[in-house]
Structure formats: structure tokens, C-alpha cells
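Quick notes on the structure that follows.
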Amino acid sequence: MSSPEIASLSWGRMKVKGCSTTYKDCKVWPGGSRTWDWRETGTDHSPGVQPADLEEVVKKGVKTVVIGRGMSEALQVPASTVDYLKKNGIDVLVLQTEKAVAEYNALAAQGAKVGGVFHSTC
């Protein structure tokens, strides 16, 4: 199963190829995507992305996770979250969201088992 291409990104809007939903923030993995609802884990810009935000993506068997921190990089990514991924043998890229989407799409196009979480506003 391949990771779906992120077809478009603009402030507050993301589209994933093959999915009719428009996301504000989203999670993607080989074979699927869904809304990333911060309320599920109590996530906020600070302290930022929690391991709980990534568990679902990790369980899909990804080898790389790309984290998009927002257009202005307001979303924090604590060292404990990066450590969680590394302890699970997963490479992690933490980037501004436009760069993160470009990197994710490049990896997906190469057939990599890549997943990601992307914040599309601040």
C-alpha cells in the first residue's frame, strides 16, 4: 500500500489525493488519511506534538514520519516526541508545513513507507 499524495496545501486547507475531505490538520499513512483532531490528545501549539498524536501513524508500519509544524512553525515538537519515534526505529523529519508536504510527497513518490502529521495554519 502506498502513501497518498498531498494534492494541495493552503492556509487552513489540505487535500489528500483520493479523498473527498478537506482537512485543516491531517494525519496520513500508507493507504489512508484522516483529520488530525488535537482535542483527542489535548495537543496545543505548546508543548506541541505528543507521542499520542503519532501512535496511529506508527501502528501503520511507517519507516519515516514527517511532522509539519505550521506555516509559521508555531507548533512545537518536544524532544520526547522525536525520541519516541527514534525508539520505534522510525526516521523523523520536523519541518515548516510547506517544506514538510514537499518532503513527504517526494518520499511517497519514491514508494517509501512514509506517514505524517501536518498543521496547516500558524
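The values are calculated or read from the model by the stated rules, or taken from the named source; none is laboratory data. Quick caveat, the model's predicted, so the values are computed rather than measured. Ideal geometry is used to build each Cβ from the backbone, glycine not excepted, and the neighbour counts take in all protein chains shown. The accessibility values were calculated without ligands, DNA or RNA, using every heavy atom of the protein model including side chains. Shrake-Rupley method; radii C 1.70, N 1.55, O 1.52, S 1.80 Å.
If the condition is being under 14 Å from ALA100 (Cβ atoms), open to solvent by less than 10 Å² (accessible area, probe 1.4 Å) and either aliphatic (A, V, I, L, M) or assigned to a helix (DSSP H, G or I) (or both), then segment 69-87 contributes only LEU75.
Among the residues of segment 2-10, none qualifies, meaning not one is among the hydrophobic types (A, V, I, L, M, F, W, C) and either in a loop (DSSP other than H, G, I, E, B) or in contact with a Cys (Cβ under 7 Å, 6 or more places away or on another chain) (or both).
Mind checking whether some residue in segment 90-106 is over 16 Å from LYS15 (Cα atoms), in contact (Cβ under 8 Å) with a residue 40 or more places away in the chain and in contact with a strand residue (DSSP E or B) (Cβ under 6 Å, 6 or more places away or on another chain)? No, segment 90-106 contains no residue that is over 16 Å from LYS15 (Cα atoms), in contact (Cβ under 8 Å) with a residue 40 or more places away in the chain and in contact with a strand residue (DSSP E or B) (Cβ under 6 Å, 6 or more places away or on another chain).
Please pick out the residue among VAL66, VAL62 that is in a loop (DSSP other than H, G, I, E, B) and within 13 Å of the chain's Cα centre (by Cα).
On inspection, the qualifying residue turns out to be VAL62.
Within segment 97-120, the residues that satisfy the criterion of being over 21 Å from ALA52 (Cα atoms) and in contact with an Asp or Glu (Cβ under 9 Å, 6 or more places away or on another chain) are ASN105, ALA108, ALA109.
Among residues of segment 37-57 being of a type in the set (A, V, I, L, M) and in contact with a Leu (Cβ under 7 Å, 6 or more places away or on another chain), the one that is surrounded by the fewest Cβ atoms within 10 Å (Cβ to Cβ) is LEU54.
Scanning segment 22-35 for residues that are over 10 Å from the mean Cα position of the chain (by Cα) and either within 14 Å of SER10 (Cα to Cα) or at pLDDT below 95 (or both), which turns out least open to solvent (accessible area, probe 1.4 Å)? This residue is TYR23.
With the requirement that a residue be among the β-branched types (Val, Ile, Thr) and out of contact with any Gly (no Cβ under 8 Å at 6 or more places or on another chain), what does segment 74-105 give you?
Result: VAL82, ILE90, VAL92, VAL94.
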